[in-house]
1. Go through (1) 49; (2) 40; (3) 45 and flag the label whose value is the computed percent of Cα pairs over 26 Å apart for this structure.
2. Counting alpha carbon pairs within less than 8 Å and at least 6 residues apart, what relative contact order, in whole percent, applies to the chain?
3. Rounded to the nearest 0.05, what FRET efficiency do residue 144 and residue 241 give with R0 = 41 Å and r taken as the Cβ-Cβ distance? Could you check?
4. Report, by chain and number, residues whose modeled amide H sits under 5 Å from the one on residue 22, excluding near sequence neighbours (fewer than 5 apart, same chain).
5. In the stretch 129-163, what GluC sites (Glu not before Pro) fall in a loop by DSSP, with at most 11 other Cβ atoms inside 10 Å?
6. Which shape class, rounded, prolate or oblate, goes with the stretch 163-238 when its Cα gyration tensor gives a ≥ b ≥ c as root eigenvalues, a/c under 1.5 marks rounded, and past that a/b bigger than b/c marks prolate?
7. Ranked highest first by average number of other Cβ atoms within 10 Å, how do 39-45, 49-55 line up?
8. Out of residues 5 or more away from residue 205 or on other chains, whose amide H comes under 5 Å of its own, with H placed 1.01 Å from N in the peptide plane?
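Every number in this text was worked out from the coordinates using simple rules, so none of it is lab data. From a predicted model like this one, the values you see are computed outputs, not experimental measurements. Positions of Cβ are backbone-derived with ideal geometry, glycine not excepted, and every protein chain shown enters the neighbour counts.
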Amino acid sequence: MTRVTPPSTTAATGRIYFLDIGLSTYPDPNGRIITCKPDGSDVRELVTQIKTLPDGIAVDSDRQHIYWTNMGVPSANDGSIQRCDLSGNNIVTIVPKGQTHTPKQMTIAHKSQKLYWSDREGMCVMRANMDGSDIEVLHRSAPADSDKQCTLNWCVGITVDEEGGSVYWSQKGPPRAGQGRIFRMNIEMNAGESADRRTDVQCILEGLPEPIDLELDTGSQTLYWTDRGDPPNGNTVNSVVLHADAKLQPKVLVRKLHEGIGISLDLQNGRMFFGDLGGGLYSANLDGSCKNTLIPEIGGVTTGIFYVE
């Protein structure tokens, strides 16, 4: 019998940072930034009373900053991005309302020192400097403002491979439709092209239930994602090895989530952390084995997750 090693919980300095969107207290939302150790202990609230529906989170451990996206009210086009210290103090808005519509998952490209995020109703992939300056639209999935009513155009998850020069993002599609897709394009736009007209955009996976957040192991070129769609392939954590010369073969790694959303990898210890809209926080090996419930219910709705060693 093959021995399966449980996910490591021995990294003394590692912490998970995650978001509660705050909808459990609607109509007076209490969004929160929460942190805990990799075994689910030492739970601390860092920021509370976030009224703007926080969704994506990223941590810059070098500068000791936490970044998060605020979806705001989708019909109002009032999304934003904020930052605070690791202690939860010194909150500042770096991307103000009106500069991004409904920002979702966010990631940090450390080499270029850029923030990347997907904008749902904005139907685009965006980036900016770490201080929020030089905001760029890299790709727009549909040209007209009226197209934002079509969920096929909604950009949700995002991850960046700086070494490989690629950006990956998900477009989840409508519920229970099996029309979710994952795309890839170059980090840098070809000369003479625009966000509305890029010839390097590729759909690498289609027919998925509802793909949400993405993570990438650049060493093994394995892409991971959560999915909110219906079973058997929805409510899951998934992966695919990004072969350049073969048909991609996605795998379901973990099942029976309550609408999976956030995901973060700990490659050093061979594990991943993920959450669901039921308020759970979980860990598992990178192959999906040894799923462990760290926090069964946070008293809210879990969205973005980010692990820091």
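1. (2)
2. Relative contact order of the chain: 15 percent.
3. 0.65
4. Amide H neighbours of residue 22, under 5 Å, 5+ apart: 32, 301.
5. Filter output for the stretch 129-163: 163.
6. The shape class here is oblate.
7. Packing proxy ranking, top to bottom: 49-55, 39-45.
8. So residue 205 has HN proximity to 182.
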